[in-house]
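Report on the following structure.
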Amino acid sequence: MSSKYDDLDCYPCWPLIGSAFAFGCIAIVGLVTNASVIYITFKTKALRGTANYLLALTSTFEILHQLGHFLFVYTAFSGINFIDYRLSVQIGTFFLFGLFGTNLSIFFTGFDRFFCVFLPTSYKCIKLRPYLAKIGLICALISTFVTVLFHIGAESMPDVKITGTIGDLLKGSAGTFYIKFGLTTNALTIVMYIATGILVRKKSAAQNVNSNANAFNKRIFRSLFLIVSVNVGGYFVVAVFLTFVAPKMDPIPIATSNGPILYATSSTHRKAFHLHFPFVFKHIGVSSSSPTVMPMTVGNIFKEYATPGNILKEYATPIMRGVPSVRQRTAAGGMPEKLFFK
C-alpha cells in the first residue's frame, strides 16, 4: 500500500484493525509453538541430532519473522495506519533477517535429510558442532546481505508509506531479489525432499523388510508429504504468485508450521511435548500415558545395524532419527556416547 491512502491516516481504520488482529493472533500461536520446538530440542536427549537442531534453527528464524507482524498490529491499533517505508525497514531489520533465514534453514534441513539417505556412511562421520556452525554461519551471512540490500533500497523511497506488514516491506529491487531467491531455495528444497522419499523407498524395497519396517516407512512418507505440502502451500506459493501472477501486489509470506507438524508426525517429539508441557495438555484435556523419551546412541545403531542399508531402513526419517525399541536397546548392551556429538 502507498501514500494514496493518506486520507485514512491518523484515525482508526476498522478493516486494518481486523486484519491486524487476525495476524496478531496467528503470530502468537506461531511464537508459542516455535518456542516450544526450540525448548524440547535442547531439553530432550533423543532430539539431539542434526535434523532436529536444524528444525530448531528454523523455529528461531521464524520467531524473528513472526515478531514482525506486531509492527502492523501497532500501526493499525494506534490509528497511525501508515508509516514511512524507510522507517519500517529500520524497525524491521530483525524481522527481515528472520524471514530470509527461514528460507535458508528450510533448505539446509532438506539437504541434511538428503545427505543422510544418499551418503549414510559419510553422514554418520560428521562432527555435529562444526557442521551446524557452518550452516548457521551461511544462513546468517546471506540473511545479513539481503537485509542490507533492503536498507539501501529504502533510502531511495523516502516518500513511500506502508501499513507495516511483512509483505509491504518486500519492495524495490531488494524485494524482487528476495522473491527470486525464495522461489529458487524453496523449489530446491521440494526437489530434495522428493528425491529423499524416492531413495528411502528404493533402499527399503531392496531390504528384506518386515511389517514393522513397512509401517515405519509409511510414517516416513507421511512426514515427507506434510513437509512438502506445507512448503508448497506457504513460502513457495507466495514466491510463485509474486513472480508469475501478480508482481505488483503484496501477498503476505506465511510462516512454517514446525510445532504442529512435529507433534502430529513424530512420536518422539510428541512424547517430548507431553513431558515438558504437561500443564498445557492437561488443561486442554489431552491425556498422555507418562511418555518417556529415550536417547538414541551410536552403540544402539551400529552394533545391530552394521550396513548403510539397515541403518537407512530404520533411521533415515526426514523429520528425525527414530528411537530404538526396548529389544534393540537391550541387544545393543547399554547406551554409550550421544549420537553424532563430537
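All of THR121, THR184 fail the test of being in contact with a Pro (Cβ under 7 Å, 6 or more places away or on another chain), at negative phi and surrounded by fewer than 22 Cβ atoms within 10 Å (Cβ to Cβ), apart from THR121. Considered as a group, the residues in segment 132-166 that are under 18 Å from the mean Cα position of the chain (by Cα) and either in contact (Cβ under 8 Å) with a residue 60 or more places away in the chain or surrounded by 21 or more Cβ atoms within 10 Å (Cβ to Cβ) (or both) include one that is farthest from LEU188 (Cα to Cα), and that residue is ILE166.
None of ILE28, ILE40 is aliphatic (A, V, I, L, M), within 30 Å of LYS271 (Cβ to Cβ) and free of Cβ contacts under 8 Å to residues at least 12 places away in the same chain except ILE28.
Just a yes or no: is a residue in segment 74-93 surrounded by 21 or more Cβ atoms within 10 Å (Cβ to Cβ) and charged (D, E, K, R)? If you could, list the steps in order and put the result at the bottom.
Step one: list which residues in segment 74-93 are surrounded by 21 or more Cβ atoms within 10 Å (Cβ to Cβ), which gives 75-76, 81-82, 85, 88-89, 92.
With charged (D, E, K, R) added as a condition, the list becomes none.
Within segment 74-93, not a single residue is surrounded by 21 or more Cβ atoms within 10 Å (Cβ to Cβ) and charged (D, E, K, R).
Going through (1) more than 11 Å from the chain's Cα centre (by Cα); (2) farther than 23 Å from ILE26 by Cβ; (3) not basic (Lys, Arg) one by one, PHE95 falls short only on (2). Within segment 52-68, is there a residue that is touching a Cys at 6+ places or on another chain (Cβ under 8 Å), without any contact (Cβ under 8 Å) to a residue 60 or more places away in the chain and not hydroxyl-bearing (Ser, Thr, Tyr)? No: segment 52-68 contains no residue that is touching a Cys at 6+ places or on another chain (Cβ under 8 Å), without any contact (Cβ under 8 Å) to a residue 60 or more places away in the chain and not hydroxyl-bearing (Ser, Thr, Tyr). Any residue at all in segment 44-59 that is modelled with pLDDT under 90, hydrophobic (A, V, I, L, M, F, W, C) and over 12 Å from the mean Cα position of the chain (by Cα)? Scanning segment 44-59 turns up at least one residue that is modelled with pLDDT under 90, hydrophobic (A, V, I, L, M, F, W, C) and over 12 Å from the mean Cα position of the chain (by Cα). Restricting attention to segment 118-140, does a residue exist that is assigned to a helix (DSSP H, G or I), among the basic types (Lys, Arg) and either at pLDDT 85 or above or touching a helix residue (DSSP H, G or I) at 6+ places or on another chain (Cβ under 8 Å) (or both)? Yes.
The values are calculated or read from the model by the stated rules, or taken from the named source; none is laboratory data. All values derive from a computational prediction rather than experimental measurement. All Cβ positions, glycine included, derive from the backbone under ideal geometry; neighbour counts span all protein chains shown.
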